[in-house]
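The values are calculated or read from the model by the stated rules, or taken from the named source; none is laboratory data. If you're wondering where the values come from, they're calculated on a predicted model, not measured in any experiment. Positions of Cβ are backbone-derived with ideal geometry, glycine not excepted, and every protein chain shown enters the neighbour counts. These accessible areas exclude ligands, DNA and RNA; they are computed on the full protein's heavy atoms, side chains included. Shrake-Rupley method; radii C 1.70, N 1.55, O 1.52, S 1.80 Å.
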Amino acid sequence: MRYRIVVFLLVVGWVFPAFTQEAYRDSRYDAFFLEAICERAKGNNDAAFDLLNHCVEIDSTKSEAYFYLAQYYGALKQKEKAVACIEKAVALEPANSTYQETLANTYINLHLYDKAAVVLEDLYDKHRERDDVLGVLVQLYEEQHEYEAAIKTLTKLETVEGKSERLSYAKSNFYTLLGNKKAAIAEMKNLADQYPNDQNYRGLYANTLFLNGQKKKALEIYNDILRIEPDNRNALMAMLTYEKDEGDPDHADELTEKVLLSKHITSQDRVLLMRQEIGQSEQDGGDSTRVLYLFRKILEQPQMDADVAILCATYMNLKKMPNDTISGVLEQVLRVAPDNAAARLQLVSYAWQANDMPRIISLCQAARQYNPDEMAFYYYQGIAYYREEQLDQALNAFQNGIGVINEQSDPDIVSDFYAVMGDILHQKGKDQEAFAAYDSCLVWKEDNYGCLNNYAYYLSEKGIHLDKAEHMSYRAIKAEPKNATFLDTYAWILFKEGRYAEAKIYIDQTLQCDSDTSAVLLEHAGDIYYFVGEKEKAVSFWQQSLSRAETVVPEPGQPVEDRRQILTRKIKLKKYQKE
């Protein structure tokens with residue numbers, strides 16, 4: 001009994017250490033692999049990468065660590081190591097479809113199409129339900145010009161999906177590329193025979209005949225199709241192509257019109273044909289008569305989309321046709337596609353050229369419904385209201401437009417938004433708000449010279465921040481040294497600062513540059529001349545200003561009559577009157 005126990009213990013002592021070592025290795029691998037996945041999930045990729053490498057050191061016969069390492073090496077642009085890892089994972093677990101698919105995609109990305117095809121063929125053999133793999137294989141074989149292999153793969157697809165236009169056409173095309181015209185024609189004939197009442201399949205069969213040199217037979221089929229279905233798109237397009245290339249030009253023109261007016265032709269077809277007509281017309285000398293005739297005939301029909309009308313308007317622009325004529329087509333675009341911002345902006349441009357502010361307001365109001373994020377419509381509507389002296393409506397349009405400003409907005413337009421808002425707010429007597437708007441304007445565009453000038457002038461009128469006003473005004477006249485308005489502003493700021501001699505230099509330049517001197521400018525000239533001691537000339541300027549007093553724009557809250565009274569006192573007393 002004692003002997004048997006000793007033997008048993010010896011046996012156990014010999015087996016137990018080996019079992020413990022394998023189990024220990026597995027448990028260590030599992031622990032480190034789980035920790036790697038946890039670190040990966042937390043975004044700690046460096047730690048995950050190190051842990052996965054340690055997993056491989058513990059046990060190089062397990063596939064999971066290699067699979068994830070391949071992804072990290074790929075991210076590190078170490079392609080060779082990435083490929084080696086995923087190849088190792090597939091070798092260790094060849095039945096794993098995820099590994100195989102990843103390896104195939106890796107090969108494809110490296111343009112190793114032959115290797116990718118081998119992997120995908122093996123994947124499909126093991127997973128016959130993966131018919132999507134066959135579609136990828138067809139593309140790979142086509143890329144490698146292995147047309148026979150592509151045909152075999154398409155045949156496999158047909159056993160799964162059944163015969164179809166897509167598969168038959170692809171097979172026929174590959175047969176044509178192989179120079180096997182007979183097989184290419186037979187493939188499409190089989191499809192047409194399988195669906196004898198489907199004229200589109202007969203049309204595809206005719207196309208194949210035509211491409212493979214049997215034009216006469218193809219034309220017979222096209223004509224028969226059109227006898228049965230006079231508006232069959234495929235037959236019409238095929239016949240038109242033939243007539244244009246090899247037929248009678250007059251018949252081709254007649255057929256072109258018939259095709260363009262067919263209800264079964266798509267908008268894309270019409271656009272394509274009209275581009276061809278435009279190209280031919282330009283090549284023949286540029287006579288627009290026939291092109292415009294075809295556009296008119298098409299647009300007389302109900303339109304499902306705006307594509308043809310847009311092309312027509314573009315062509316009319318090319319031909320420099322009158323704005324009113326183009327506007328009619330653009331209006332048709334908006335009836336079909338009221339959210340077409342480009343067409344509406346073109347109409348706004350035409351209205352601007354015609355100085356038709358009510359029209360601009362109407363167009364932009366509709367645009368705010370269909371294109372609420374298009375800043376340009378708020379801008380033009382605000383400007384139009386401003387030109388119509390509807391200040392509240394203009395301010396509302398600009399304020400709404402500011403709400404759609406973002407980082408991608410055009411700085412020039414945004415800057416003008418704030419500049420005009422500042423002008424409006426000043427006219428409404430809200431100077432602090434106006435100055436804030438001007439500050440915003442200059443943030444978006446620091447060299448908005450119109451804003452710099454107005455901001456500077458209004459500060460000088462308030463008698464505040466004259467140093468800032470002078471700096472802004474000087475920037476404006478440096479940019480536009482012959483701008484009379486800018487020069488007048490600078491002269492007036494110098495006057496406000498008591499620098500009368502300098503002010504006279506700039507007011508004289510202003511008078512030289514202003515061909516239609518305003519009442520305000522003349523009054524400024526008089527005030528400046530008074531303080532340099534030329535009182536008689538000052539009175540002359542005041543008298544000229546008074547004669548134009550009806551054009552004087554008063555400050556907010558100050559009637560025109562008050563301006564006349566001030567000028568009258570200056571003239572009567574021959575003395576400057578502080579307002």
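The table that follows gives values for the structure above.
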| quantity | calculated |
| --- | --- |
| Sites D253 and K126, calculated FRET efficiency, Cβ-Cβ separation with R0 56 Å, nearest 0.05 | 0.40 |
| Three-way shape label, the chain, alpha-carbon gyration tensor, a/c 1.5 | oblate |
| By average C-beta atoms within 10 angstrom, highest first, the peptides 358-369, 155-166 | 358-369, 155-166 |
| Dimensionless Rg/Rh of segment 172-235 - Kirkwood Rh, Rg from C-alpha atoms | 0.98 |
| Relative intensity, log₁₀ I(q)/I(0), of segment 410-465 from a Debye sum that treats every alpha carbon as a point, q = 0.16, 0.24 Å⁻¹ | -0.39, -0.84 |
| Dimensionless Rg/Rh of segment 461-520 - Kirkwood Rh, Rg from C-alpha atoms | 0.95 |
| Calculated over segment 331-378: convex hull of Cα atoms, volume per residue (Å³) | 62 |
| Cα-based Rg and Dmax for segment 98-149, where Dmax is the largest Cα-Cα distance (Å) | 10.1, 28 |
| Gyration tensor (alpha-carbon) shape descriptor, segment 235-289, a/c threshold 1.5 | oblate |
| Share of alpha-carbon pairs per 10 Å distance bin for segment 265-307, given as whole % | 27, 54, 18, 1 |
| Translational D in µm²/s for segment 39-123 (Stokes-Einstein at 20 °C, 1.002 mPa s, Kirkwood Rh from C-alpha pairs) | 164 |
| Electrostatic dipole magnitude of the chain [Cβ: Lys, Arg +1; Asp, Glu -1; Cα centre; debye, to 20] | 560 |
| Span from the segment 32-84 Cα centroid across to the segment 183-229 one, whole angstrom | 57 |
| Per-q log10 I(q)/I(0), segment 287-391, q = 0.24 Å⁻¹ (Debye; single scatterer per alpha-carbon; no solvent) | -1.25 |
| Descending semi-axes in whole angstrom, ellipsoid equivalent of segment 144-298, from the Cα gyration tensor | 34, 17, 15 |
| Residue-normalised accessible area of the chain, expressed per residue, 1.4 Å probe, Å² | 54 |
| Long pairs among K462/K574; K537/K572; K535/K570; K297/K320; K217/K258, criterion Cα-Cα beyond 18 Å | K462/K574; K297/K320; K217/K258 |
| Accessible surface of the chain [probe 1.4 Å, protein heavy atoms]: carbon and sulfur percent | 51 |
| Computed [θ] at 222 nm, helices only, for the chain once each DSSP H run of length n ≥ 4 contributes -39500 (n - 2.57) | -25000 deg cm²/dmol |
| Per-bin percent of Cα-Cα distances, segment 487-548 [5 Å] | 4, 24, 32, 27, 12, 1 |
| Computed over segment 332-438, Kirkwood Rh from alpha-carbon pairs, angstrom | 14.0 |
| Net +/- balance of residues flanking D59 in space, Cβ distance below 14 Å, scoring K and R +1, D and E -1 | -2 |
| Overall form of segment 261-345 per C-alpha gyration tensor (a/c, 1.5; a/b vs b/c) | oblate |
| Normalised alpha carbon radius of gyration of segment 94-185 [divisor 2.2 N^0.38 Å] | 1.11 |
| Listed peptides 128-135, 44-51 by packing density, highest first (mean Cβ within 10 Å) | 44-51, 128-135 |
| Y370, Y378, ranked by accessible area, largest first (probe 1.4 Å) | Y370, Y378 |
| Area projected by the alpha carbon convex hull of segment 437-493, averaged over all directions, nm² | 3.3 |
| Spatial separation of Cα centroids for segment 102-172 and segment 368-437, in angstrom | 59 |
